[in-house]
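> Sending over a structure as structure tokens; questions will come in a sec.
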Amino acid sequence: MIVLVTGASRGIGRGVAQALADAGATVYATGRSIAGATLPAAATRIACDHTDDGQVAAVFDRIREERGTLDVLVNGVWGGYERMMENGQFTWPNPFWQQPAWRWDAMMNAGVRAGYVASQHAAQLMVPAARGLIVHLSHWAAHKHQSNVAYGVSKAATDKMAAHMAHELQPHGVTSVSLYPGLVRTEAVMQFAQYLDLSNSESPEFTGRVVAALAADPAVSRFSGRWLVVAALAAEYGITDIDGKQPRPLTLADV
């Protein structure tokens, strides 16, 4: 199984790349700071700024030359989480009229658009092979206000993009889904561990285990176009987290 995980330098993307490598996949991992990522030696790291279309094209050219195909794309790259503190103020939860405009641009360009462009390249490899899986990492904020307006709009756009891609890809045997992790113990989250209830949290690798199960499922097309909850899929597939626990699936009311 040939896999590309974008945004794999840290966070959920890194965990997904780790878990897929552990599952025996041939993993390509991209990110601007991918050289310093904690990943297995077998993972192929490619430095890439996903807002630069030329760099993105070069990643897929390399995969085409080295492997000739691509089975799974996980769109984990995202923007807008940086610079939450500006001029000594925590601006992340501010109302939209007090939000810096760059945050909208970062989420739409380094997030939604980056996923769109990567998916275009992936589809060009998957459609001729009549198989493949494209996973867009998304969030409950698509359905319920969380944090700020730009965040919710960008996640809703990601879900809609996944659904519309599914409509065009399904006749060609390619599946497109949105995937919702729960509270994930990323590096950023663990900085605030003392303030959080982590009793039902998930490791970054947990999402990767679920992606591996989706990729191995011969009936995965039944999910195409849908948004899926990581913990719910894990329960369906009988997957546990790296600590042996099975996190409880969140619902919209929980979020």
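> What's the local net charge at residue 9, with K and R +1, D and E -1, over the other residues with C-beta under 11 Å away?
+3
> Based on the inverse mean of 1/r over its pairs of different Cα atoms, what is the Kirkwood hydrodynamic radius of the chain, in Å?
Values: mean 1/r = 0.0547 Å⁻¹.
Computed over the chain, the radius equals 18.3 Å.
> What are the semi-axes of the equivalent ellipsoid of region 184-252, taken as the square roots of 5 times the eigenvalues of the Cα gyration tensor, listed largest first and rounded to whole Å?
Semi-axes, largest first: 25, 12, 11 Å.
> How much mean residue ellipticity at 222 nm does the chain get from its helices, if each DSSP H run of length 4 or more adds -39500 (n - 2.57) and you divide by all residues, to the nearest 500 deg cm²/dmol?
On the way: 8 runs with 96 residues, N = 255.
When only DSSP H runs of four or more count, the value is -11500 deg cm²/dmol.
> How much of the accessible area of region 157-224, in percent, comes from carbon and sulfur atoms when a 1.4 Å probe is used?
Working: 1760 of 3130 Å².
C and S atoms contribute 56 percent here.
> Would you mind getting the accessible area per residue of the chain, heavy atoms of the protein chains only, 1.4 Å probe, in Å²?
46 Å²
> For a quick check: with amide H placed at 1.01 Å from N, whose amide H comes under 5 Å from residue 176's, ignoring anything fewer than 5 positions away on the same chain?
Under 5 Å from the amide H of residue 176: 134, 225.
> Here's something else I'd like to know. Given axes a ≥ b ≥ c from the Cα gyration tensor, I'd like to know whether region 49-197 is rounded (a/c under 1.5), prolate (a/b larger than b/c) or oblate. Don't skip to the end; give the middle numbers.
Details: a/c = 2.07, a/b = 1.88, b/c = 1.10.
Here region 49-197 falls in the prolate category.
> Report ³J(HN,Hα) in whole Hz for each residue of region 182-199, in order, from the Karplus equation J = 6.51 cos²θ - 1.76 cosθ + 1.60 where θ = phi - 60°; Gly and Pro get x.
Calculated HN-Hα couplings, in order: x, 7, 9, 7, 6, 4, 5, 5, 5, 5, 10, 4, 5, 9, 10, 8, 9, 5 Hz.
> Can you tell me how region 126-191 classifies by the Cα gyration tensor, rounded, prolate or oblate, using a/c under 1.5 as the rounded cut?
oblate
> Can you work out ³J(HN,Hα) from phi for every residue in region 85-100, in order, using Karplus 6.51 cos²θ - 1.76 cosθ + 1.60 and θ = phi - 60°, giving whole Hz and x for Gly and Pro?
9, 9, 6, x, 10, 8, 8, 3, x, 4, x, 4, 6, 10, 8, x
> About the Cα centre, and with charges only on the beta carbon of Lys, Arg (+1) and Asp, Glu (-1), how big is the dipole of the chain? Nearest 20 debye, please.
Dipole of the chain, to the nearest 20 debye: 200 debye.
> Evaluate the charge dipole of region 1-100 about its Cα centre and quote only its size in Debye, nearest 20, assuming +1 on the Cβ of each Lys and Arg and -1 on the Cβ of each Asp and Glu.
For region 1-100, the charge dipole is close to 200 debye.
> Skipping prolines and chain starts, which residues have an amide H placed within reach, meaning under 5 Å, of the one on residue 229, given they are 5 or more residues away or on another chain?
Correct list: 180.
> Using only the Cα atoms of region 125-251, build the gyration tensor, take square roots of its eigenvalues as a ≥ b ≥ c, and label the shape rounded, prolate or oblate: rounded if a/c is under 1.5, else prolate if a/b is larger than b/c, else oblate. If you can, show how the numbers build up before the last one.
Details: a/c = 2.46, a/b = 1.42, b/c = 1.74.
In terms of gyration-tensor shape, oblate.
> What relative contact order, as a whole-number percentage, does region 25-174 give when Cα pairs under 8 Å and 6 or more residues apart are counted?
Averaging sequence separation for qualifying contacts and normalising by length gives 22 percent for region 25-174.
> Return a whole-number percent for the relative contact order of region 1-74, with Cα pairs under 8 Å and 6 or more residues apart as the contact set.
Rounded, it is 35 percent for region 1-74.
The values are calculated or read from the model by the stated rules, or taken from the named source; none is laboratory data. These numbers come from a predicted model, not from an experiment. Positions of Cβ are backbone-derived with ideal geometry, glycine not excepted, and every protein chain shown enters the neighbour counts. Surface accessibility is based on the protein's heavy atoms, side chains included, excluding ligands, DNA and RNA. Shrake-Rupley method; radii C 1.70, N 1.55, O 1.52, S 1.80 Å.
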